[in-house]
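Here is the structure we will look at, set down as C-alpha cells.
The values are calculated or read from the model by the stated rules, or taken from the named source; none is laboratory data. Please read all numbers here as calculations on a predicted model, not as lab measurements. Glycine gets a Cβ as well: all are built from the backbone with ideal geometry, and neighbour counts include every protein chain shown.
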Amino acid sequence: MAGKRKGEPSTTEIDMTPMIDMTFQLITFFMFVMNFSEAEQDDRIQLPMSQLAKPVEGPTDTPITLQLTNSGSVIYAGELVALSDIGSYLDREKTVILDAGKEPNAATVIIRADGRSKTGEVQDIVRICQEKGFERFALRAQYDEGR
C-alpha cells in the first residue's frame, strides 16, 4: 500500500465547473433584467407634465436621444454640447447609419426637453436634425393624471 510520507504537501483539486456555471447564469440574468432605456435618461432633465403623454409603443429603430437642458445646452451620449454644435454630432450619427446600410430618415430622434427650456430651442433642434436628413421625431413628457 502506497502511503504518504511525512512532510509531503497534500494536494486538493477543486471542481470549478459549478462556480463557472453560476457566474454565467448571473451574467445572463442581469442582461435580461437591465433596462437600457433608462440608461439614456439624465436626472438633470425635468420633463414637462402632460395629460396627453402616452407610453412608448415599442422600441424604436435606430434611436438618437438628444436632451435639452433648461440652460439651452444639449446632453448627447452623456456629454454636454452647445446647441449650435449639435450638427457635427448628428453628422457623425448620419455617417454611422449610412455605413450600416440604412437611411437617416429611418432613425428616430428622441428629444427630451426640460420643462423649463425655451420652445424655440426645441424647434432649433428639430430644424438642425431636418437639415441633416433626420425626419422622425419623438418628444418626451411625463404623464400628468390631472389634479
(request) State whether the residues of segment 106-121 include one that is under 13 Å from Gln67 (Cα atoms), part of a helix (DSSP H, G or I) and modelled with pLDDT of 85 or more. (result) yes
(message) Can you say whether Gln46 is of a type outside the set (Phe, Trp, Tyr) and modelled with pLDDT of 80 or more, as far as the supplied structure shows?
(response) no
(message) Taking the condition of being modelled with pLDDT of 90 or more and among the polar types (S, T, N, Q), how many residues in segment 94-105 meet it?
(response) 1
(request) Within segment 121-131, count every residue that is surrounded by 13 or more Cβ atoms within 10 Å (Cβ to Cβ) and more than 16 Å from Ala82 (Cβ to Cβ). (result) 2
(request) Could you please give the count of residues in segment 109-120 that are over 22 Å from the mean Cα position of the chain (by Cα) and either more than 17 Å from Ala82 (Cβ to Cβ) or of a type in the set (D, E, K, R) (or both)? (result) 3
(request) From the list Asp91, Asp144, pick out the single residue that is loosely packed, with under 15 Cβ neighbours inside 10 Å, over 18 Å from the mean Cα position of the chain (by Cα) and at pLDDT 90 or above. (result) Asp91
(request) Of the conditions (1) over 17 Å from Phe137 (Cβ atoms); (2) touching a strand residue (DSSP E or B) at 6+ places or on another chain (Cβ under 8 Å); (3) at pLDDT 80 or above; (4) loosely packed, with under 14 Cβ neighbours inside 10 Å, Gln51 clears all except one; give me its number. (result) (3)
(request) Tally the residues that are aromatic (Phe, Trp, Tyr) and assigned to a loop (DSSP other than H, G, I, E, B), restricting the search to segment 71-88. (result) 0
(message) Of all residues being hydrophobic (A, V, I, L, M, F, W, C) and crowded, with 17+ Cβ neighbours inside 10 Å in segment 94-108, which is farthest from the chain's Cα centre (by Cα)? Just the residue, please.
(response) Ile97
